[in-house]
Amino acid sequence: MPNIKKRLSLQQRIIFLVTCATVLMLSTMMAFDTISLNQSIRQAYVSQISGMTIAINGRYEESHSISDIQQIFDYIQYKNNRVLEMKLYDKQGKILAASNRLEVGKILHPSRVMLPAEDKTIVDRMPMEESDKPIVRLTAPLQEDGAVVGAVEVIFDSSEETALLKARTKLILVVGISIAIILSTLLWLILRKIVIRPLHRLREAATLAKQGVELPKLEFKASPEIEDVSDAFNDMVDNLDLRYQELQHALHTLQSTQDKLVQSEKMGALGGLVAGVSHEINTPIGIGVTAVSYLDQKTKEFQSLYETGKMKKSDLELFLSVVKETNEMVQSNLDRASSLIRSFKQISVDQSVEVKRSFHLHEYLKGIIVSLKPTLKKTRLRVHVYCEDHLVLYSYPGALSQIITNLVMNSLNHAYAPEEEGNLHLCVADHGDRITLAYTDDGKGMNQEVLDQIFDPFFTTCRGKGGTGLGMNIVYNLVTQSLGGTIRCSSSLGKGSLFQIEIPKEEESV
């Protein structure tokens, strides 16, 4: 039934309900009219048999002559051909007189014996299977000295009354159906004019407004309620453009703010990279400076020894050995510094410019971790990388660098307390045309409420500590948009967190 109601329109529902109410009222009227007509027919039957029983009772009390009663029966049947049969029987059901002489003296079955109360007449219809026409049995009391001593039974043909009742019922039914059809049609036309058409126009106008089409002012000559709705719609349309401009301005402001925050995050990452460069390069450069200073000192000593003319072969060999060792030390540390500079330069360029290129994933991941060493050295955390040495990707390395950096920094800021030990694992699995990069930490984990909002923009649990809430949102956008992959996060309190990233490997186009 609920499904049917959903499919019915307002117009159809109203017409259906009004039609049902009309049919119900007509049915009630028909029932009352039928009952009233039956009562009238019953009263007519009672009136007819009353006149007969008065004559029969009078003659019976006078003479107790059965032959006189038989004559009255014959006379009544002669005058009224609708009287089919008449009987007079006593309390035991013995037939004393009958229009059919053959039944006189017979005993009626007890179920057929009915003795009405004084001045009462029993009217009941006989079953149709007992006769081929509708008949009524009228039973009146046979009285003697005011006491009921028997009954007078008259079998009456009720065909005329039955036909009248059927004709009356048919007339009421036809009139009722006609009224219902006319009323439903008029109601349908009225509803269509004052309700349905205005609602259709309102719906079309709302659809056009949604599409951004300029609308003329709606005017209805309908009910006051529809006019109020149209006026409210016109006011809404008038204010729609203003609201749209306000929303556009708010959206532009929000996007601008988000872009600034994202750029701030990128610059922060580049700032950390610069700090890593200065710290990591400082060691090999410092060793190189120390070695050159030591070589300069030995050179001066050797020159002084040479000028005094006291130089021996062993002194020359020792000096050459020092020069060789120092040169090798300077060369190796300069090479290390150069390698670090190339690595940091590539990562910084990748983070600044989105260029798609082929790169060895294992080497690149190690370079990212090296760039994070200055930050990691301040903690008691260890990073473990598991990746095939010769796995090559054709993708955006800058996006990957920012993803790994944000994941590591997220663990540092949220998963561990100061001075707490921990392990960060970065595992890469090759699946043919795709790779799965799993990042895990063994920190304090997250509850379900935080986990549900982990990738939402501006969501952070460190609002008072300078957190912007964009780090993980940037990770999500980089994975799904820049790299065309998927990312899922699972975590529980006290059991750490797992980020599963799946991205395509692709191949560099020729």
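Every read-out reported here was derived from the displayed coordinates using simple, explicitly stated rules and does not represent laboratory data. Keep in mind that this is a model prediction, so the values were computed, not measured. Cβ atoms come from the backbone with ideal geometry, glycine included; neighbour counts cover every protein chain shown.
In table form, for the structure just shown:
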item: 19 Å tail of the calculated P(r), segment 8-178, as % of Cα pairs; result: 63
item: Convex hull volume per residue for segment 354-510, taking Cα atoms only, in Å³; result: 113
item: Members of Lys94/Lys120; Lys133/Lys170; Lys356/Lys505; Lys377/Lys444; Lys356/Lys378 lying beyond 23 Å, as alpha-carbon distances in this model show; result: Lys356/Lys378
item: Dipole of segment 8-178, positive end: most advanced residue of Thr19, Leu138, Gln39 [Cβ charges, Cα centre]; result: Thr19
item: Cα centroid separation - segment 145-165 against segment 281-319, whole Å; result: 153
item: Kirkwood hydrodynamic radius of segment 403-450, from inverse mean 1/r over distinct Cα pairs, in Å; result: 12.3
item: Amide H partners (placed H, <5 Å) of Leu470, local residues excluded; result: Phe458
